[in-house]
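J.: Attaching a single structure in structure tokens format; questions to follow.
The values are calculated or read from the model by the stated rules, or taken from the named source; none is laboratory data. All of these numbers come straight from a predicted model, not from anything done at the bench. When we count neighbours, we look across all protein chains shown, and the Cβ atoms used for this are built from the backbone with ideal geometry, even at glycine.
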Amino acid sequence: MESVALYSFQATESDELAFNKGDTLKILNMEDDHNWYKAELRGAEGFVPKNYIRVKPHPWYSGRISRQLAEEILMKRNHPGAFLVRESESSPGEFSVSVNGSRGLNFRHGCLGPAFSWRLPVPAAPPPTGTSYGDQVQHFKVLREVPGKYHLWEEKFDSLNELVAFYRTTTIAKKRQVFLRDEESVVKPPRACFAQAQFDFSTQDPSQLSFRRGDIIEVLERLDPCWWRGRLCGRVGFFPRSYVQPVHL
């Protein structure tokens with residue numbers, strides 16, 4: 001994820017990151033503290049105040065969700081190339097690209113390299129409700145061996161945005177052609193949907209979205225009647241349907 005600095009910031013602690021107005025920062029972690037995000041700028045890492053920056057939202061960024069939940073979300077989208085980028089649950093600041101591959105793909109062991117792993121998805125416990133699947137979801141760990149650079153294979157990129165853009169036109173898998181595709185390129189995108197929080201909702205579960213009464217949440221998915229998936233201030237997660245009221249903006 002990328003963000004643009006709205007104001008200049010001078011670090012006062014050793015773990016903070018200084019920047020100037022207009023700088024483009026790479027957001028590494030926005031889950032652990034809602035007031036401070038971990039970011040990277042020109043190879044240096046540190047914490048930055050969230051009210052000093054504006055996050056560039058992307059529908060493909062899902063935050064810190066589990067591998068299993070990523071599989072369930074992608075299989076419900078039901079088209080080859082559907083993808084999301086997620087933050088690692090066990091290693092904050094590291095990312096993986098999860099992609100819905102073509103039906104019936106049969107990758108041979110050892111032909112795809114160290115960044116690739118796959119398994120048949122299994123149903124998850126609610127939320128959302130689990131189902132059985134016949135397709136495969138592939139997971140690619142984003143490597144960061146060089147400070148400030150991201151890569152899956154040989155090509156290196158300055159940001160996740162550049163990496164995603166590259167694999168829209170270049171196959172992300174070896175020995176098979178798998179291109180990242182937005183759902184909007186397959187079907188007409190629905191009108192944006194929003195909901196207003198009627199109560200406070202606080203959670204420690206990284207896959208869920210905390211909010212306060214009165215917050216306006218962008219609703220991204222309604223795969224389950226009891227739990228919706230939404231975005232608020234750059235954070236993405238699931239929240240209880242009974243805590244919000246749909247609104248038209």
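J.: What strands (runs of 3 or more DSSP E) completely inside the stretch 23-81 contain at least 1 residues that are more than 19 Å from Leu209 (Cβ to Cβ) and touching a residue at least 40 places away in the same chain (Cβ under 8 Å)?
T.: Counting at least 1 such residues, we get 24-29, 36-41, 44-49, 53-55.
J.: Which of the residues spanning the stretch 195-227 are of a type in the set (Phe, Trp, Tyr) and at pLDDT below 90? Walk me through how you get there before you give the answer.
T.: Here is the first cut: in the stretch 195-227, the residues of a type in the set (Phe, Trp, Tyr) are 199, 201, 211, 227.
Across the stretch 195-227, the qualifying residue is only Trp227.
J.: Condition (residue is under 18 Å from Asn161 (Cβ atoms), among the aromatic types (Phe, Trp, Tyr) and surrounded by 15 or more Cβ atoms within 10 Å (Cβ to Cβ)) applied to the stretch 44-54: is it met by at least one residue?
T.: no
J.: Of the conditions (1) of a type in the set (D, E, K, R); (2) at pLDDT 85 or above; (3) surrounded by fewer than 14 Cβ atoms within 10 Å (Cβ to Cβ), Asp33 fails just one. Which one is it?
T.: (2)
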